[in-house]
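The values are calculated or read from the model by the stated rules, or taken from the named source; none is laboratory data. Every value quoted in this text rests on a predicted model; they were computed, and no experiment measured them. Backbone-built Cβ (ideal geometry, glycine too); neighbour counts: all protein chains shown. What goes into the accessible areas is simple: the full protein's heavy atoms, side chains included, and nothing from ligands, DNA or RNA. Shrake-Rupley method; radii C 1.70, N 1.55, O 1.52, S 1.80 Å.
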Amino acid sequence: MKRKQIYTGLWASLLLLAPAVTSATSAHATDIQTGQQSVATSQLSASQSTSSQVASDQLVESSRQSQGTSSRSQVAEVPAKTAQTTNNQPVKSAAKAVLNQDYQGAMARGAQQLTTSQDTEVWAALARISSGAQLTTAQKATFHQVFAEELTGMAGHYSATDLERLTIGIAAIGEDPTQFNGINLIAEIIKKAATAGITGQVYGIIALSTQDYGSQANQTINQLIDLVLKQQNTAGGWAFFGSVSDLDITGMTMSALGMHRDQPKVQSALDRAVALLKTTGFVKATGGFLIPGGFSTEENSNSTAMAILGLAAAGVNPATTFIGDNGATPITNLIAYQKADGQFRWMMGSDDGALSMSTEQAVYALGQYDYLLKGKGSIYNFKKVVPEPDPEPKPDPKPAPDPKPSIPGKKPAGESSASSSSEVDLDKTLPKQPGYKEDGMPLTGTTATQDALPQTGHQSVWGSVLAGLFMLLGVAGYQTRRLKQR
């Protein structure tokens, strides 16, 4: 009877232990399955991400090739006779040649031609620099010598336009017009510009604006601006003489006023000039400009270049504001004047005239257009931008003490066992690495995947088994004592 009661107690304990073991085993199995699913999902995501990246890279490369093909087709003189679609069906070619819009290529070829021909004019220096070309030390020295000889040859008889032209060239090569070859060109311009004609006043504004030359120069600039604005005709343009607007003078004047667009009266005058070019000057059939007058009754590259120069300096994009037949613009029109060797013709299809001057004006007009697109302002602005120095850091009047690392089991001398607020527990601050226990030992497992799985299932099983054994022993001992007491 006593043994029966003991066995009954043991079976009762086992019945109490069974749900715990079953639950723990189930939980462990669930944890393993969940972990394996998580790892599999992670691997699948990584695989999908890699495939997606490969597809994306292929798409980008395809897009780049497509863009490159498109870019080449825009600058081609004659389009391909046929084109193939994806289903190998031929497509009809364009009826006309694609207009050349590669202004950068045209600008670079023109600048190179000026270099090859050893053109040492002021306007050649301006054209090459505005195109982005870098002058060598020897090339700058050559320009310096040419400018100095020209100034010496004037023997003190300086016209306003001579001084202004040389000032632009001197500033362009990075030298100081206030002390060039022993002469202060800026002081001479201040004396002469106001009483000069329209060109002397226009280029006086430009020359005095190439650098910061002081308050007297700034006063003269404002005086010249007022004089030029008074000469704007009712149509909105400017003339060399008479009342009929001249394209070249109008474009030059706009390029000067474009350096001072912050003045409301200047912006208003520029708006009127742009309206004139839209309504009267633009030739939709060719994309060029023409206002017949005393200088020319036919379209030419010089007049179109000066119009482009003025528009771009005024902040107006000639390629998007002036669009003619079949997409022709002033930019495509000017590029069409260029010869195979890089020179620009004066008249379309003719090699007569001063092609060097046409090339200079075309290149720096395209340079001003490039400046507009890049937000670089005027090609005549040679002011050196001096970066502001970084502010010196202010010292903290009450610097905080450096934190002292706390080493477990050891206190600094003179401190109590209580941790100081400035102490840092190195064990807590160090990040726990994945796959490692709290004590820094690596987790065990046959594979990396197993090490990465949650460990709660193993711990729950053995904890439940130990608890059940203790309960079983306790019940057995209790039943034995009761039987002995009986």
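Before moving on, here are some points about what is shown:
- When residues of the range 292-302 are limited to those that are at pLDDT 95 or above and over 33 Å from the mean Cα position of the chain (by Cα), the one surrounded by the most Cβ atoms within 10 Å (Cβ to Cβ): ASN300
- Per-region count, the range 275-290, residues assigned to a loop (DSSP other than H, G, I, E, B) and surrounded by 24 or more Cβ atoms within 10 Å (Cβ to Cβ): 1
- Any hit, the range 243-251, residues being closer than 19 Å to GLN361 by Cβ and among the small types (Gly, Ala, Ser): yes
- Subset of the range 196-210 that is outside any loop (DSSP other than H, G, I, E, B) and of a type in the set (Val, Ile, Thr) - its residue that is most open to solvent (accessible area, probe 1.4 Å): THR199
- The number of residues in the range 356-386 being over 18 Å from LEU247 (Cα atoms) and surrounded by fewer than 21 Cβ atoms within 10 Å (Cβ to Cβ) comes to 14.
- Filtered residues of the range 211-254 (kept if buried (at least 22 other Cβ atoms within 10 Å of the Cβ) and assigned to a loop (DSSP other than H, G, I, E, B)): TYR213, GLY237, TRP238, SER245, ASP246
- Considering (1) open to solvent by 10 Å² or more (accessible area, probe 1.4 Å); (2) without any contact (Cβ under 8 Å) to a residue 60 or more places away in the chain, the lone condition that GLY327 does not fulfil carries the number (2).
- Checking the range 73-85 against the condition returns no match, with no residue being out of contact with any Pro (no Cβ under 6 Å at 6 or more places or on another chain), modelled with pLDDT of 90 or more, under 30 Å from GLY324 (Cβ atoms) and not hydrophobic (A, V, I, L, M, F, W, C).
Here's the yes/no breakdown for (1) under 35 Å from the mean Cα position of the chain (by Cα); (2) among the aliphatic types (A, V, I, L, M); (3) assigned to a helix (DSSP H, G or I):
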{"position": "PHE143", "(1), (2), (3)": "yes, no, yes"}
{"position": "ALA171", "(1), (2), (3)": "yes, yes, yes"}
{"position": "GLU175", "(1), (2), (3)": "yes, no, no"}
{"position": "ILE189", "(1), (2), (3)": "no, yes, yes"}
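- Matching residues, the range 255-274, being open to solvent by 60 Å² or more (accessible area, probe 1.4 Å) and assigned to a helix (DSSP H, G or I): PRO264, LYS265, SER268, ASP271, ARG272
- Answer from ALA217, ALA275, ALA239 - the residue that is under 33 Å from the mean Cα position of the chain (by Cα), farther than 19 Å from ARG345 by Cβ and of a type outside the set (Ser, Thr, Tyr): ALA275
- Every residue from the range 145-169 that is free of Cβ contacts under 8 Å to residues at least 24 places away in the same chain, in a helix (DSSP H, G or I) and farther than 21 Å from ILE379 by Cβ: GLN145, GLU149, GLU150, GLY153
- Condition met for ALA340 (within 17 Å of MET107 (Cα to Cα) and either of a type in the set (Lys, Arg) or open to solvent by less than 50 Å² (accessible area, probe 1.4 Å) (or both)): no
- Selection over the range 114-141 of residues that are open to solvent by 30 Å² or more (accessible area, probe 1.4 Å) and outside any loop (DSSP other than H, G, I, E, B) gives a count of 9.
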